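Working notes, structure below.
The values are calculated or read from the model by the stated rules, or taken from the named source; none is laboratory data. Note that the structure is predicted; figures quoted are calculated from it, not measured. Virtual Cβ from ideal backbone geometry, glycine too; neighbours counted across all protein chains shown.
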Amino acid sequence: MSFYDLIQHYRGQNLSEYLYGFTDRDILRVLCKNRLSPEDFLALISPAAAGHLEKMAVKAHELTIRHFGKAIVLFAPMYIANYCVNQCVYCSFNHQNQLERKRLSIEEFQQEAIKISASGIRHILLLTGESRTESSPEYIEEIVTEAKRYFSSITLEICPLSRDEYESLIYSGADGLTIYQEVYDENVYKLMHPFGPKRNYRYRLDTPERACMAGMRTVGIGALLGLGEWRTEAFFTALHAQYLSHKYPDVELSISLPRIRPHTGSFDIPYAIGDREFVQIMLAFRLFLPHVGITISTRERAEFRDNLLGLGVTRMSAGSITAVGGYSNKNGNGQFQVSDGRSVDEVRQMLYQKGYQPVFKDWQYIQEGGRHFAGN
Amino acid sequence: MDDQLIIGNKRIFNRLFVGSGKYSSNRLIPHIMQESGSQVITVAVRRVDLESTEENLLNHIPAAAILMPNTSGARNAGEAVRIAKLARAMGCGNWIKIEVIADSRYLLPDNQDTLKATEILVTEGFTVFPYMRPELMTARRMRDAGASAVMPLGAPIGTNQGLKTRELIKIMIDEIDIPVIVDAGIGKPSEAAEAMELGAAAVLVNTAIATAGNPVEMAAAFSLAVKAGRKAYLAGTAPVFHLAQASSPLTGFLDKDNGDL
């Protein structure tokens, strides 16, 4: 059974009606439990739970400290190419947008890597648009091989690939994959992705599982908050994480909460969500999946990120630039506007002030990684 | 005579081993070690960054401390062996705590692969400390393979539940002739004392210290508890009876009339 089948099971049910049926008493009952069911998760994202955020926060804080300690892993994104054949209506890399397209050469990559690693960052997230010709798996492999000289953990956020391709990338040195479904509602998904290979909902949905099967050490998922009705989107994200975590217990899973940001091109956010809702989703994730990492990017503003610290966050990006080549050359259009423009050092200082240890290195590249090559 | 634990060529007088993860700042580590008197500290190789000066964990560890690098992050024996070799190449010495964990939810160690890694690393010349689920047969095999100690868990990592595996650990202590070091799960000093009273050679505590309100004070409290438990074990704890001992024993008459014997 794939996760798609599980989604189908829930699709037939009227989740919205169910969500509005929870009472205060249901929420308190869930807060007393140690092991939550998917129905309990629904209770935590229901309107009734909105009145219990503080109680949820206290428990989320306690669980996070117990599982992860007072430590936050820092990473930086590096956009290595922005060629894209898709037409995601919400994204500035959209094929139809007039945007200077670029792909880093090895030399340009080195310049970016030198800049980023000089700030102390050892965990890098390499991103591309979707173009198998401009950012082919072979090109990405070349970059990953080079990236090992500068970074100790390499996560990819690239177009969905096959299991074999992931195995090759792991062999080259990648240890993590981030792949957002963007929106779990299949009908909305079709609207948001009118053309291009990304239109294939199911292939994208099964991508994190292919990465787990290939032996990726860390896999990150998420829904782009704002595209679909947030409660059901959060529910399917949580279910997806739980499904992967049960089936692949040796993979370190993480959930991101990317909230859609203004960008090049015009797009009205269909379901804009506020800070309260954002916090409610994050707390519900933590309570439902205490062992799963939670990543917050610089899409969120500095003050808000600082306040989220005690509520379940385990990984943060810092000093991010979302334009290709942007670390060494300040021009160029990013994929989205960064809201937290602080430097890595400023974020580091803030963490210490808040009583958290900034962790720059939480993985060590070991040769011949990956399940395939370990002989399992 | 001093009560010391000798492992490899190291003499250990303080039987509280500490961890180095989960602290709000690595700068706490020297204070923790000083206040507790702890000599042995375990360090995740994955967190060691030799290229960073300020954020290099190793720079915060007192020079006199005994370093026990661990293979945190290894999912199988092969990865544990590679991480161990990296630790040695990084200059972290010859000791290695093997952690093989393939379940991110409960963080329970994989005894089979841990044994496999133990066998390989002993032949490579490491002083090996396997972290394991308490189980006598596997512990014996680890000892036969040349492990310098075994490290059974008291409860799953980070849970602070105490000695949930007490009876199994007791059997290991009674039956295994290498040091048994209780690692993981100990949440309070009283539980550390309990492990030491049972006859554990040492205890390793991380989460309970790192996430305490005052980690430095808590480390000192653990150190006292470990000393108390050890002293009680050496003194020979008095037996426990379920019935009160009558002051006029039922068989007292046997003592009165023994002149004929």
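Structure summary
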read-out: Criterion: farther than 27 Å from A:Val73 by Cα, small (Gly, Ala, Ser) and touching a helix residue (DSSP H, G or I) at 6+ places or on another chain (Cβ under 9 Å) - qualifying residue of B:Ser20, B:Ser36, B:Ser25; value: B:Ser36
read-out: Number of the condition not met by A:Glu62 [criteria: (1) within 14 Å of chain B (Cβ to nearest Cβ); (2) touching a residue at least 40 places away in the same chain (Cβ under 8 Å)]; value: (2)
read-out: The range A:37-59, residues that are β-branched (Val, Ile, Thr) and in contact (Cβ under 8 Å) with a residue 40 or more places away in the chain; value: A:Ile45
read-out: Extreme residue, surrounded by the fewest Cβ atoms within 10 Å (Cβ to Cβ), among residues of the range A:135-174 that are under 20 Å from B:Gly73 (Cβ atoms) and charged (D, E, K, R); value: A:Lys148
read-out: Answer residue from the range A:45-59, given it is of a type in the set (A, V, I, L, M, F, W, C) and under 30 Å from B:Asn206 (Cβ atoms) and is nearest to the other protein chains (Cβ to nearest Cβ) among those; value: A:Val58
read-out: Hits in the range A:168-222 - residues which are in a strand (DSSP E or B) and not charged (D, E, K, R); value: A:Gly176, A:Leu177, A:Thr178, A:Thr218, A:Val219, A:Gly220, A:Ile221, A:Gly222
read-out: Residues satisfying the stated conditions in the range A:72-101, i.e. in a loop (DSSP other than H, G, I, E, B) and among the small types (Gly, Ala, Ser); value: A:Ser92
read-out: Residues that are part of a strand (DSSP E or B) and more than 10 Å from every other protein chain (Cβ to nearest Cβ), drawn from the range B:91-103; value: B:Trp95, B:Ile96, B:Lys97, B:Ile98
read-out: Residues (part of a loop (DSSP other than H, G, I, E, B) and more than 18 Å from A:Leu156 (Cβ to Cβ)) located in the range A:225-259; value: A:Gly226, A:Leu227, A:Gly228, A:Glu229, A:Pro249, A:Asp250, A:Leu257
read-out: Of all residues in the range B:70-90 being out of contact with any Asp or Glu (no Cβ under 7 Å at 6 or more places or on another chain) and basic (Lys, Arg), the one that is nearest to the other protein chains (Cβ to nearest Cβ); value: B:Arg82
read-out: Output for the range B:45-62, where each listed residue is touching a Pro at 6+ places or on another chain (Cβ under 8 Å) and under 17 Å from A:Gln364 (Cβ atoms); value: B:Val45, B:Val48, B:Glu55
read-out: In the range B:191-211, the residues that are of a type in the set (Val, Ile, Thr) and away from chain A (no Cβ under 13 Å); value: B:Val203, B:Val205
read-out: Residues (closer than 15 Å to B:Ala65 by Cα and either in contact (Cβ under 8 Å) with a residue 60 or more places away in the chain or of a type in the set (D, E, K, R) (or both)) located in the range B:9-26; value: B:Lys10, B:Arg11, B:Ile12, B:Asn14, B:Arg15, B:Leu16, B:Phe17, B:Val18, B:Gly19, B:Ser20
read-out: Condition broken by B:Tyr106, with the remaining ones in (1) more than 9 Å from chain A (Cβ to nearest Cβ); (2) out of contact with any Leu (no Cβ under 6 Å at 6 or more places or on another chain) satisfied; value: (1)
read-out: Of all residues making up the range A:95-123, the number that are aliphatic (A, V, I, L, M) and away from chain B (no Cβ under 14 Å); value: 3
read-out: Total residues in the range B:1-58, condition charged (D, E, K, R) and either out of contact with any Asp or Glu (no Cβ under 8 Å at 6 or more places or on another chain) or at positive phi (or both); value: 9
read-out: Hey, A:Leu63 out of contact with any Asp or Glu (no Cβ under 8 Å at 6 or more places or on another chain), aliphatic (A, V, I, L, M) and modelled with pLDDT of 95 or more or not; value: no
read-out: Residue list for the range A:347-363, filter: free of Cβ contacts under 8 Å to residues at least 24 places away in the same chain and more than 11 Å from every other protein chain (Cβ to nearest Cβ); value: A:Gln349
read-out: Any chance A:Gly332 is surrounded by fewer than 21 Cβ atoms within 10 Å (Cβ to Cβ), on the phi > 0 side of the Ramachandran plot and either more than 11 Å from chain B (Cβ to nearest Cβ) or modelled with pLDDT of 90 or more (or both); value: yes
read-out: Candidate set from the range A:110-136 (those that are hydroxyl-bearing (Ser, Thr, Tyr) and assigned to a loop (DSSP other than H, G, I, E, B)); member that is nearest to A:Asp345 (Cα to Cα); value: A:Ser119
read-out: Qualifying position, being modelled with pLDDT of 95 or more and closer than 28 Å to B:Asn59 by Cβ, among B:Glu119, B:Glu99; value: B:Glu99
